[in-house]
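Chemist: Structure incoming, see below.
No value in this document is a laboratory result; all are computed from the given coordinates. Source: prediction; values computed, not measured. Reconstructed Cβ throughout: ideal geometry from the backbone, glycine too, with neighbour counts over all protein chains shown.
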Amino acid sequence: MSTPAPVADPVNTAAPPVLHVVMNAGSGATAAAARRETLERVFGEAGRRFDVTLVEHPADLAARAREVVARARADGGAVIAAGGDGTIATVAQAVLGSGCALGLLPQGTFNYFARTHGVPQDIEAGARALLDARTKPVRVGLVNDRVFLVNASLGLYPALLQDREAWKRAYGRSRAVAAVAAIATVLRGARPLRLELEAGGARRAVRTVTLFVGNNPLQLDRVGLPLDDAIGAGRLAAVVVKPIGPWGLLWLAVRGALGELGESERVDGFEFERLVVHPWRPLRDRPIKVASDGEVSYMRPPLRFSVAPEPLPLLVPAEPLPPR
């Protein structure tokens, strides 16, 4: 009687998910080509299937991201956003609720979202981290159903972002250029907004040069606002800057750079789960300029800030870098 052959242990033969990369050309075709070559080398050496969708024009990013998400859903792949916080938020908008995971290849100036989750900022290191990344559920913010991962705001801050982009186009993308642009905007001054804030069943009227809503503990911690614990608890953090002159605003900016913004009596911060913002009655129906993760758009009031009802499946490194 023959001895039965030993049964081999079952082997998981499922192929790793295809990495569908959405890349913002951003700083130009030459830089984008170099980044793509890096991905081809890293993923090719690992035998990992991938494709790259290069977006030349920012206005096309949302539509192209939806197309990539559809392909990723069809083959069970993951969607990878290569760009700054604005690019990542736009791709996250398409990914949220799709069942796909989102990976990051941060290429922006500050990269707060990627840094918070330990993702390398170097594209080669980031690509290698994607090869064995794990999925982590991450809460994201919404303003009128638009996703934001780092912050959303109205008033002075959107103007600052528009000026910063103009300076970057003229003088290059760097933190130094961003800082000088911010100083120039602040010294120009800002007209206060009159708003009605509704949160937790209570309403209050405020006058402010900017209303800032944060969804990133690292950014809040860096400027010295003691609200970073709110994010981990599933809430958002609001900051109201009281009316103040240009030189006072500049001093607030300096205190923020020193991590002391929360100590100023001109700054009021609070946590919330849901916030509704109404502009002053004569302007109640006019669209409001809103900045979300570095992108400026107009939204019709009231503005409704909340945490998204479902988390975003985020690919994070098996060994994340410490937030810095």
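Chemist: Place +1 on the Cβ of every Lys and Arg and -1 on the Cβ of every Asp and Glu in the chain, take the dipole about the Cα centre, and give the residue among TYR171, LEU218, ALA233 whose Cα lies farthest towards its positive end.
Modeler: TYR171
Chemist: Then there is this: If you bin the C-alpha pair distances of the range 30-123 every 5 Å from 0, what whole percents do you get?
Modeler: Final binned percentages: 2, 13, 23, 24, 24, 11, 1.
Chemist: Then there is this: Where nothing but the Cβ of Lys and Arg (+1) and of Asp and Glu (-1) is charged, how large is the charge dipole of the chain around its Cα centre, in debye to the nearest 20?
Modeler: Result for the chain is approximately 1120 debye, rounded to the nearest 20.
Chemist: While we're looking at this one, here's another question. Could you pull the Cα extents of the chain along its three principal axes, largest to smallest, in whole Å?
Modeler: Largest first, the chain extends 93, 46, 36 Å along its Cα principal axes.
Chemist: Under the 0.36 nm per residue contour assumption, what length would be gained going from the current alpha-carbon distance of GLU56 and GLU198 to full extension?
Modeler: In short, 47.1 nm is gained.
Chemist: The range 74-153: percent of C-alpha pairs farther apart than 15 Å?
Modeler: Tail of the P(r) past 15 Å holds 55 percent of the pairs.
Chemist: Once the Cα atoms of helix 85-95 and of the chain are each reduced to a long axis, what angle between those two axes, in degrees from 0 to 90 to the nearest 10, is obtained?
Modeler: So the inclination is approximately 60 degrees.
Chemist: GluC sites (Glu not before Pro) within the range 188-262: which are DSSP loop residues with at most 14 other Cβ atoms inside 10 Å?
Modeler: Listed in order of number, the matching sites are GLU260.
Chemist: Points 7 angstrom from Cα along the Cβ direction at GLU124 and PHE270: gap in nanometres?
Modeler: 5.1
Chemist: Would you kindly compute the Cα radius of gyration of the range 128-257 and its largest Cα-Cα separation (Dmax), both in Å?
Modeler: Cα only, the range 128-257: 16.7, 51 Å (Rg, Dmax).
Chemist: Could you tell me how far the Cα centroid of the range 177-234 sits from the Cα centroid of the range 71-103, in Å?
Modeler: 27
Chemist: Quote to one decimal, in nm, the extra length available between ARG300 and GLU260 on full extension: 0.36 nm per residue of separation minus the C-alpha distance between them.
Modeler: 11.0 nm
Chemist: Could you estimate the translational diffusion coefficient of the range 115-158 from the Stokes-Einstein equation, with Rh from the Kirkwood formula over C-alpha pairs, at 10 °C and 1.306 mPa s, in whole µm²/s?
Modeler: D = 121 µm²/s.
Chemist: Once you put a point 7 Å from the Cα of LEU250 and another 7 Å from the Cα of ALA46, both along the Cβ direction, what distance in nm separates them?
Modeler: So the two model labels end up 4.8 nm from each other.
Chemist: Still on this structure, I have one more. Quick check: the angle from helix 29-45's long axis to the longest principal axis of the chain, C-alpha only, nearest 10 degrees?
Modeler: Helix 29-45 sits roughly 40 degrees off the main axis of the chain.
Chemist: Among 146-159, 302-315, what's the highest-first ranking by average C-beta atoms within 10 angstrom per residue?
Modeler: Top of the packing list down: 146-159, 302-315.
Chemist: Let a ≥ b ≥ c be the square roots of the eigenvalues of the Cα gyration tensor of the range 181-247; is it rounded (a/c under 1.5), or, if not, prolate (a/b larger than b/c) or oblate?
Modeler: Verdict is oblate for the range 181-247.
Chemist: When the helix-only estimate is applied to the chain (DSSP H runs of n ≥ 4, each -39,500 (n - 2.57), divided by the residue count), what is the mean residue ellipticity at 222 nm, nearest 500 deg cm²/dmol?
Modeler: -10500 deg cm²/dmol
Chemist: Another question, if that's okay. Reported to two decimal places, what Rg/Rh ratio describes the range 211-324 when computed on Cα atoms with Rh from the Kirkwood expression?
Modeler: Ratio of gyration radius to Kirkwood radius: 1.00.
Chemist: Work out, step by step, the length gained on full extension between GLU37 and ARG169: first 0.36 nm times the residue separation, then minus their alpha carbon distance; give nm to one decimal.
Modeler: 45.0 nm
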